[in-house]
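Please treat every number below as a calculation from the coordinates, not as lab data. Remember, predicted model here, so these are calculated numbers, not experimental data. All Cβ positions, glycine included, derive from the backbone under ideal geometry; neighbour counts span all protein chains shown.
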Amino acid sequence: MEKQLTFWKKLQNPFLRIAGAAALGIGLAGICLNSLFCWLTDLHFQGLLHIGPAPTDAFGVIFAEHLIIWLIPAFLFYLWGRLLSRSKIRIIDVWGTTAFAQLPLLGIGIFGFFPAVQHIIHIQPSDLTPEWFSQSATISGLLLLLISLLFLIWTLIWMFKALKISCNLKSTRLGIAYTLSVILGDIVAVYLIHLLYT
């Protein structure tokens, strides 16, 4: 029972054991791997909270998308940490924990290989008919995408822990910094990623 509890604690907050260069190395490996998955499946992270198709299948663009959804929140976390924390903030810790926190997004990348998800990803406006919504592939694809939201929630939880640990923030300051970082980070990421498509 104690081992299960320890495992659950590690799953909830891996940054009690890993940070800095080690977290950064593992996180970057995950970013590279997920970029490969998304390139193979034509799945795009169009923001931290958005996935879908895009008018390009270039690997460089897909890799840049992943860098943006990592670096924008990491920059905002570091900024808030410097402004709100009394501790000394190491940028390697912020970069590392934020990159590591995005490992669950690999689950979304893997889901992109499912034919039912591909059926949803490549929907055309003309396909949006009652018949399309009643197809088994559509229902299965929507169900899989709904399940994939769990990986996004998992990432957001880990990002919260990353900010808390790497910047030593608590209570109201932590909540404000995290909320603003996610919302503003997503807006900026969406804007920058769409510039890649022009």
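One table, with the values for the structure above:
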| read-out | value |
| --- | --- |
| C-alpha long axis of helix 59-84 to longest principal axis of the chain, angle in ° | 30 |
| Qualifying aspartates and glutamates (Cα of each under 18 Å from Cα of Lys164; at least 8 residues distant if same chain) | Asp93 |
| Using alpha-carbon coordinates, inclination of helix 20-41 to the longest axis of the chain, degrees | 0 |
| Size-normalised alpha-carbon gyration radius of the range 17-196, reference 2.2 N^0.38 Å | 1.09 |
| With Cα atoms, 0 to 90° folded angle of helix 136-167 axis to the chain main axis | 10 |
| Listed residues Asp93, Asp42, Asp127, most fluctuating in the chain (Gaussian network, C-alpha, under 10 Å) | Asp127 |
| Inter-label distance for Phe59 and Lys88, nm, one decimal - labels placed 7 Å from Cα along Cα-to-Cβ | 4.1 |
| Max mean-square fluctuation residue, GNM over the chain, Cα-Cα springs under 10 Å, options Phe133, Phe111, Phe77 | Phe133 |
| Sequence of Thr98, Thr129 once ranked by neighbouring C-beta atoms within 10 Å, starting from the fewest | Thr129, Thr98 |
| Sites Leu40 and Leu156 - FRET efficiency at Förster radius 35 Å, r taken between beta-carbons, to 0.05 | 0.90 |
| GNM result for the chain, Cα springs below 10 Å: residue of His119, His44, His66 fluctuating most strongly | His119 |
| About the Cα centre, charge dipole magnitude for the chain (Lys/Arg +1, Asp/Glu -1 at Cβ), debye | 1380 |
